[in-house]
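The values are calculated or read from the model by the stated rules, or taken from the named source; none is laboratory data. Every value quoted in this text rests on a predicted model; they were computed, and no experiment measured them. Glycine also receives a Cβ, built like all others from the backbone with ideal geometry; neighbour counts cover every protein chain displayed.
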Amino acid sequence: SRGQRAGVDCPYMDTVNRSMLDFDFEKVCSMSLENLNVYACLVCGKYLQGRGRKSHVYFHSLDQSHHVFINLDTEKVYCVPDGYEIVDSTLDDIKHAINPQLTPAQVASLNDNPTRFRVLNGTMHYQGLMGMNNLHATDYANAVLQSLFVITPFRNFCLLYTRGPKAKSALIKRLGELVRKVYNSRAFRSHVSPHEFLQEVVNRSNKQFKILEQGDPVEFIAFLLNTLHGDLEEKGDSEISRIFRGMIQMITEKDQVEKLSGDRGARKSIKRKRKLVPYFFLSLDLPSRPLFKDSMDRKLIPQVPLHTLLSKFDGVQEHHMVKTGERRVYRIEKLPQYLILHIKRFTRNNFFEEKNPTIVQFPATNLELKDFVPHSVASQQITKYDLVAAVTHEGEPRAGSYQVNIKHPPTSKWFQIQDLNVKDTLPQLVTLTEAHILVYEAQQPRQPEN
C-alpha cells in the first residue's frame, strides 16, 4: 500500500460505473475461482483476486485501463496499479450495497414509516418490495421467501441477528444477507438475486433442491424452517419455534383381536393413544376432482370454504389410515403467532402428477379458529387471524409457475410478486386465486381505552 488519498486527488474516480455493479453473486474470482482476497472492479463489475504485481486485479487494470477496485471483505477501495487507498464518502453507497446494515431503531420503525427510494434507472420503490431473479426454475423458492419476509418477527430476526458471530450456520448467514439486501433503501437495482442463499440450500439439503429443477414450495418451507430451528435451537426452543410452532393432539385408535384360551373364541378391543405433535404448518385436504361433466359438457370447478377444510382438526372427524388400519382424530391444542396452512393441490403417484383446481374460499381478515381448539385453550389464546401472504400456482403441475400475494406491512397494501415483477393488487382478487400456501397472522389484542 502507498498510503491514502482523497477521492478528489484520484484521477480515476469518474470511471466508477454503479450501473455495472452487482454484489448478489458468490464472492469468487472470475479467473481463478478462488474466494480469498477478492476485489470487485468498480468500472466493469468483475470479481478478481489479489492486488499484487502478479495478480488478476493487476493484469486487468493494465489490460482494460480499469483502476478502481474494492475489497469485498474489508470494503476498502484502492487505485491499481498505483497502490494507494481511496478514502471518499461518495463511495459509501457502494460499501452499503455490498453489506447493507440497519440499526435496531431503523428495524423497529420499518412497519411505521413506509420508505420510498429511487434506483439507478429512476423508478421509485417501497423499501422491502423488491423482485427476485429466477435463476432457472427457482420461482417456488422466491415465492416462499417473499412470503416469509413480510412476517415481522422473522424479518427483524434476519435483519439483526444473522451476521458476524451471531450467525450460527452458513444458511443463517446467507439468509440474513438476502433479507438485508431486500430491505436496502439505498439499492442500485429494483431486484436482488438469491444466488448465494440458494447455493447454500442446495449444499445443505444434499441436493434435494436444485437450481435447475422446480421444487415443491411446501417441501422447501418445511426444510427451511426445520433447518433454521435446528441451527438455532437451545433447550428445545428457538426464534423459529416461537414464531411458527403450534401443537396438535392426535388420538389414534386401532382395533385389536385377542384370542381367548380354549374354544372361547376371540375378544375385540380398541387400543387408544394420545400424543401431542408440534407443527410448523397444517396440511388441508381438498375434496376429489369431479369425474363427470355437466349438461353443458364442461367440468365444473368446485368451491369449498376454508372452514370446511379446517374441520379436519375439530377433534371429531375421523381419518382412516389404509396402510396401518388406524383411525385418527386431530385437535389443535396451541395456535402459533403465525399460522401457515398448506392446501394439498397436487397428487402424485408412480405414473403422473395431478393438480386439483378446487377454489378455496378463504377470508383476508378475521379468520376465526375458536371452533377448532378446546374451550379452555380458546379463552387464553388469540383465535382470530388476518392474512399476510398467499402463495399460488398457475398452469400444469411441474410446468406452471409460482407467485405470491403479500400484504406490505407499512402501507397495508397488497402486492403481487412473480420473480422480478412487482405490482399492486386488490385483497378481493387475492381470495380468488388457486392458493397453495396461506400465511395468517394472529390479531394483536386491543389496548383498553383510558
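Things to note:
- L224, sole failed condition from (1) more than 30 Å from P397 (Cα to Cα); (2) buried (at least 21 other Cβ atoms within 10 Å of the Cβ): (1)
- Every residue from the range 348-374 that is more than 13 Å from F313 (Cβ to Cβ), at pLDDT 85 or above and not charged (D, E, K, R): N356, P357, T358, I359, V360, Q361, F362, P363, A364, T365, N366, L367
- Where strands (runs of 3 or more DSSP E) sit wholly within the range 39-156, those with at least 3 residues that are surrounded by 21 or more Cβ atoms within 10 Å (Cβ to Cβ) occupy 68-71.
- Restricting the range 198-220 to residues that are touching a residue at least 40 places away in the same chain (Cβ under 8 Å), in a helix (DSSP H, G or I) and of a type outside the set (F, W, Y), the residue that is nearest to D139 (Cα to Cα): P217
- Number of the exception - K168 against (1) more than 29 Å from Q214 (Cβ to Cβ); (2) out of contact with any helix residue (DSSP H, G or I) (no Cβ under 6 Å at 6 or more places or on another chain): (2)
- Cross-chain or 6+ apart pairs with Cβ under 7 Å, the range 99-116 first and over 12 Å from R186 (Cβ atoms), then among the polar types (S, T, N, Q): V107/N156; N111/T152; P114/T411
- The condition of being among the charged types (D, E, K, R), assigned to a helix (DSSP H, G or I) and either closer than 14 Å to E26 by Cα or touching a residue at least 60 places away in the same chain (Cβ under 8 Å) (or both) holds for K173.
- Scanning the range 366-415 for residues that are over 20 Å from I221 (Cβ atoms), surrounded by 15 or more Cβ atoms within 10 Å (Cβ to Cβ) and of a type in the set (G, A, S) yields a single hit, A378.
- Applying the criterion of being touching a residue at least 60 places away in the same chain (Cβ under 8 Å) and in contact with a Leu (Cβ under 8 Å, 6 or more places away or on another chain) to the residues of the range 225-239, the residue that is farthest from F149 (Cα to Cα) is D231.
- Single match in K355, K423, K413, K407 (criterion: touching a residue at least 60 places away in the same chain (Cβ under 8 Å), more than 22 Å from I248 (Cβ to Cβ), touching a strand residue (DSSP E or B) at 6+ places or on another chain (Cβ under 9 Å) and not assigned by TED's automatic domain parsing to the domain that holds S190): K407
- Scan of the range 14-29 for residues that are at pLDDT 90 or above, touching a helix residue (DSSP H, G or I) at 6+ places or on another chain (Cβ under 8 Å) and more than 19 Å from T74 (Cβ to Cβ), ordered by number: R18
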